[in-house]
Amino acid sequence: MEILVIDDNESITKMLSKFLKINGIMCTVSNSGRNGLEIIQKKEWDGVLLDLTMPEFSGYDVLEALEKDDMIKSKNIILFTATEISDQEIGEWKGKGVKSVLRKPVDLDLLIKVLNSNLD
């Protein structure tokens, strides 16, 4: 499994990258939403962990760009956020193709379970 993590918090991405690699999951990191979108568009990923709140170009911006290009359903996106997001908004994004939503701080065992169940 090969995962792209898009999150502006370098401490989180370093920790996640190490954890995922220990669990046999290849991981690429982008600490920028705009750069992350470019990476998503250039390569097929087994999954994308996407933070919603980032400066300059947010996870919402990434989702909207993917939706505009009719790519959101094919990208296996799991939202990974500390942002307050309503159940209605979660339902709307899932209806558009988002696979799951995890709230920070996330239980790492739950993360592995969600990755395995949503991306196999």
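Data overview
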| read-out | value |
| --- | --- |
| Residue in the range 64-84 that is surrounded by the most Cβ atoms within 10 Å (Cβ to Cβ), counting only those that are assigned to a helix (DSSP H, G or I) and not polar (S, T, N, Q) | LEU66 |
| Members of the range 40-63 that are farther than 18 Å from GLY97 by Cβ, touching a residue at least 24 places away in the same chain (Cβ under 8 Å) and either aromatic (Phe, Trp, Tyr) or not in a loop (DSSP other than H, G, I, E, B) (or both) | PHE57 |
| Residue match in the range 29-45 (condition: within 18 Å of VAL106 (Cβ to Cβ), in contact with a helix residue (DSSP H, G or I) (Cβ under 8 Å, 6 or more places away or on another chain) and among the hydrophobic types (A, V, I, L, M, F, W, C)) | yes |
| Residue list for the range 9-33, filter: assigned to a helix (DSSP H, G or I) and hydroxyl-bearing (Ser, Thr, Tyr) | SER11, THR13, SER17 |
| Options GLU38, GLU2, GLU10: the member that is surrounded by fewer than 17 Cβ atoms within 10 Å (Cβ to Cβ), charged (D, E, K, R) and over 22 Å from PRO55 (Cα atoms) | GLU2 |
| Neighbours by Cβ (under 6 Å, 6+ apart or cross-chain): first from the range 100-113, within 14 Å of GLY59 (Cβ to Cβ); second of a type outside the set (Lys, Arg) and part of a loop (DSSP other than H, G, I, E, B) | LYS104/ALA82 |
| Of residues in the range 85-120 being polar (S, T, N, Q) and in a helix (DSSP H, G or I), the one surrounded by the most Cβ atoms within 10 Å (Cβ to Cβ) | ASN118 |
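A short reminder: the numbers here are calculations on the coordinates, not readings from a lab. Small disclaimer: the values here were computed from a predicted structure and weren't measured. Quick reminder, even Gly has a Cβ in these numbers, built from the backbone with ideal geometry, and neighbours come from all protein chains shown.
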